[in-house]
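**Student:** Dropping a structure here in structure tokens format, bear with me for questions.
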Amino acid sequence: MNPLHGDEGEEVREDHQEPVREAADILRSGGIVAFPTETVYGLGAVAFNESAVARIFEAKQRPRFDPLIVHVGGFDQVSRLVKEIHPSARLLMERFWPGPLTIVLPKAPGVPDLVTAGLPTVAVRMPRHPLALELIRRTGEPIAAPSANPFGSTSPTKMQHVVDGLGGKVDMVLDGGDCPVGIESTIVSFASDRPALLRPGGVALEELEAVIGPLPVAPSSGNNAVLAPGMLPRHYAPRTPVRVLSGSILPPQDGATRIGVLAFQGIPRSETFAAVEVLSEFGDLREAAKHLFSALRRLDQQNLDVIVAQKFPDVGLGLAINDRLMRASGCG
């Protein structure tokens, strides 16, 4: 198998074939479609259709300084998007594509500035979900797609999350069930000679470094230009305030009465709290990542004063989970 051609050996179910064909027709006609990936649901438009891409920003209320990720189904589409591919970037593509890894490279002249927020680079990835790959194949074009939710809010990992958040603002939602990874892709930039990790995600930092060596972590965007999606200090946030604790889970001492807890493996004395979500009883970081956003959504529906989140080990996918929690709390 050549991983740069999106062949994961997974066929699209027969009952999904017609919806995918319909979704591809909508995209080719300038529409926008929400579709599943292995990470989260994306809201897509043909990347070279600026008016369609503008509809994504409008539907999400997304600021235009925040660039989009372009999803491809094969290496032929990558060549239309980028000027050149750094040798280390090619190594990562060969090892982790299709999969939850986004590569930032110098963009080709034809890529609309709206997609890249005016940056000289473009973020590209090949999703692993069979419905996403089939949709790109049938559309015949790269698909620009951020997460399919209102800007800054908790990412969608189920079709119903998309419906709840965007309602009738999209032309179609493809139902692919729950997203198996559950957090967004890792983003690595090759905008300069030395690569850098812009956002931790579904591929662990340790896995990347095993292929290309030490990878420095870029600081949060803060007041500087946003170099990639998901880098703003506040992002992925529920309506309920979130606090991240590195020690024991204890009730806040500020008078909050209805307290929810987001825990890794569980906590003692759970009766102290109004609601408790445990992400993995057996301490599995992949299971915790898969359940993270759904658990945050359930807590957000409990009319709580605050959500107290337990900090995760900063290894493997724990780094990405902590990144999402810190940004949900506004401290990213």
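**Student:** Taking the residues in the range 87-101 that are assigned to a loop (DSSP other than H, G, I, E, B) and in contact with a helix residue (DSSP H, G or I) (Cβ under 9 Å, 6 or more places away or on another chain) as candidates, determine which candidate is surrounded by the fewest Cβ atoms within 10 Å (Cβ to Cβ).
**Tutor:** GLY99
**Student:** Taking the condition of being touching a helix residue (DSSP H, G or I) at 6+ places or on another chain (Cβ under 9 Å) and in a loop (DSSP other than H, G, I, E, B), how many residues in the range 69-85 meet it?
**Tutor:** So the answer is 4.
**Student:** Going through VAL111, VAL104 one at a time, which residue ends up being at pLDDT 95 or above and outside any loop (DSSP other than H, G, I, E, B)? Spell out how you get there, then give the answer.
**Tutor:** Numbers: VAL111 fails: outside any loop (DSSP other than H, G, I, E, B).
On inspection, the qualifying residue turns out to be VAL104.
**Student:** Next up: Could you identify the single residue in ALA274, ALA218, ALA191, ALA225 that is at pLDDT below 95 and assigned by TED's automatic domain parsing to the domain that holds VAL82? Don't jump to the end; show me each part of the working.
**Tutor:** Numbers: ALA274 fails: assigned by TED's automatic domain parsing to the domain that holds VAL82; ALA218 fails: assigned by TED's automatic domain parsing to the domain that holds VAL82; ALA225 fails: assigned by TED's automatic domain parsing to the domain that holds VAL82.
The match here is ALA191.
**Student:** Is there a residue in the range 56-70 that is at pLDDT 95 or above, exposed (fewer than 15 other Cβ atoms within 10 Å of the Cβ), of a type in the set (D, E, K, R) and closer than 30 Å to ARG234 by Cα?
**Tutor:** Looking through the range 56-70, at least one residue is at pLDDT 95 or above, exposed (fewer than 15 other Cβ atoms within 10 Å of the Cβ), of a type in the set (D, E, K, R) and closer than 30 Å to ARG234 by Cα.
**Student:** Further, regarding this structure: Residues to consider are ASP66, ASP171; find the one that is of a type in the set (D, E, K, R) and over 17 Å from the mean Cα position of the chain (by Cα). It would help to see each step written out before you state the result.
**Tutor:** Numbers: ASP66 fails: over 17 Å from the mean Cα position of the chain (by Cα).
The unique qualifying residue is ASP171.
**Student:** Which of (1) out of contact with any Ser or Thr (no Cβ under 8 Å at 6 or more places or on another chain); (2) in a strand (DSSP E or B) is the odd one out, the single condition LEU119 does not satisfy?
**Tutor:** Only one criterion in (1) out of contact with any Ser or Thr (no Cβ under 8 Å at 6 or more places or on another chain); (2) in a strand (DSSP E or B) is unmet by LEU119, namely (2).
**Student:** Here's a follow-up. Across the range 183-202, which residue is nearest to PRO233 (Cα to Cα) among those that are surrounded by 23 or more Cβ atoms within 10 Å (Cβ to Cβ) and of a type in the set (A, V, I, L, M)?
**Tutor:** Among residues in the range 183-202 that are surrounded by 23 or more Cβ atoms within 10 Å (Cβ to Cβ) and of a type in the set (A, V, I, L, M), the one nearest to PRO233 (Cα to Cα) is LEU198.
**Student:** Something else now. Of everything in the range 170-179, what is surrounded by fewer than 18 Cβ atoms within 10 Å (Cβ to Cβ) and not in a strand (DSSP E or B)? Give them in sequence order. Full working, then the answer.
**Tutor:** Going residue by residue through the range 170-179, those that are surrounded by fewer than 18 Cβ atoms within 10 Å (Cβ to Cβ) are 172, 175, 177-178.
Of everything in the range 170-179, those that are surrounded by fewer than 18 Cβ atoms within 10 Å (Cβ to Cβ) and not in a strand (DSSP E or B) turn out to be ASP175, GLY177, ASP178.
**Student:** Test MET126 against the criterion of being on the phi < 0 side of the Ramachandran plot, at pLDDT 95 or above and under 16 Å from the mean Cα position of the chain (by Cα), and give yes or no. Please lay out each step first, then the result.
**Tutor:** On the way: on the phi < 0 side of the Ramachandran plot: yes; at pLDDT 95 or above: yes; under 16 Å from the mean Cα position of the chain (by Cα): yes.
The answer is yes for MET126.
**Student:** I need the full set of residues from the range 296-311 which are under 19 Å from the mean Cα position of the chain (by Cα) and crowded, with 24+ Cβ neighbours inside 10 Å, in order please.
**Tutor:** The one that is under 19 Å from the mean Cα position of the chain (by Cα) and crowded, with 24+ Cβ neighbours inside 10 Å: LEU296.
**Student:** Is it the case that some residue within the range 50-63 is in a helix (DSSP H, G or I) and either over 24 Å from SER155 (Cβ atoms) or not assigned by TED's automatic domain parsing to the domain that holds PRO127 (or both)?
**Tutor:** Kept after step one, since they are in a helix (DSSP H, G or I), are these residues of the range 50-63: 50-60.
Next, only the ones that are either over 24 Å from SER155 (Cβ atoms) or not assigned by TED's automatic domain parsing to the domain that holds PRO127 (or both) stay: 50-51.
There is at least one residue in the range 50-63 that is in a helix (DSSP H, G or I) and either over 24 Å from SER155 (Cβ atoms) or not assigned by TED's automatic domain parsing to the domain that holds PRO127 (or both).
The values are calculated or read from the model by the stated rules, or taken from the named source; none is laboratory data. The structure presented is a predicted model; accordingly, all values stated were derived computationally and were not measured. No Cβ is skipped: glycine too gets one built from the backbone with ideal geometry, and neighbour counts run over all protein chains shown.
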